[in-house]
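The values are calculated or read from the model by the stated rules, or taken from the named source; none is laboratory data. It should be emphasised that the depicted structure is a prediction, and the values quoted were computed from it without experimental measurement. Neighbour counts run over all protein chains shown; Cβ positions are idealised from the backbone, glycine included.
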Amino acid sequence: MAGCAILESADDRLQYANGCGFLAMARISQLIGHSSCNWSLKWFSTSLVAVFLLGDPIGSTLLAFIMFDEGLTWEKFSGGIFVLSAIYIAPSGEKQRNGGLK
């Protein structure tokens, strides 16, 4: 997608605009996501941050449910409960092992 390309039809311009919007969303979310993950390593252990990253599919499922009217199946719900329980249990194990968080 070259910025200086001459776009003849409205369809070409729409595809170009959609492509630029898609790339902008991807870059912005990656910058925020990776920066916050790296920032959290200052206070939490790497294993705890890795466990918290498991919550990403839960957020994606909830956004798909809200924005796209995606169905919330029994498998998604039970998997979410399983992941949330792991996220809940992980900090307590970290506190016991290290005598507290960093």
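A few comments on the model shown:
- Residue that is nearest to S92 (Cα to Cα), among those in region 36-55 that are under 12 Å from the mean Cα position of the chain (by Cα) and among the small types (G, A, S): G55
- Among the candidates L84, L14, the residue that is surrounded by 10 or more Cβ atoms within 10 Å (Cβ to Cβ), among the aliphatic types (A, V, I, L, M) and modelled with pLDDT of 80 or more is uniquely L84.
- For Q96, the conditions (1) modelled with pLDDT under 85; (2) in a loop (DSSP other than H, G, I, E, B); (3) loosely packed, with under 10 Cβ neighbours inside 10 Å are fulfilled apart from (2).
- Among (1) exposed (fewer than 10 other Cβ atoms within 10 Å of the Cβ); (2) part of a loop (DSSP other than H, G, I, E, B), the one test that M67 misses: (2)
- Yes/no for L54 being hydrophobic (A, V, I, L, M, F, W, C), closer than 19 Å to A86 by Cα and either at pLDDT 80 or above or in the same structural domain as G79 (by TED's automatic domain parsing) (or both): yes
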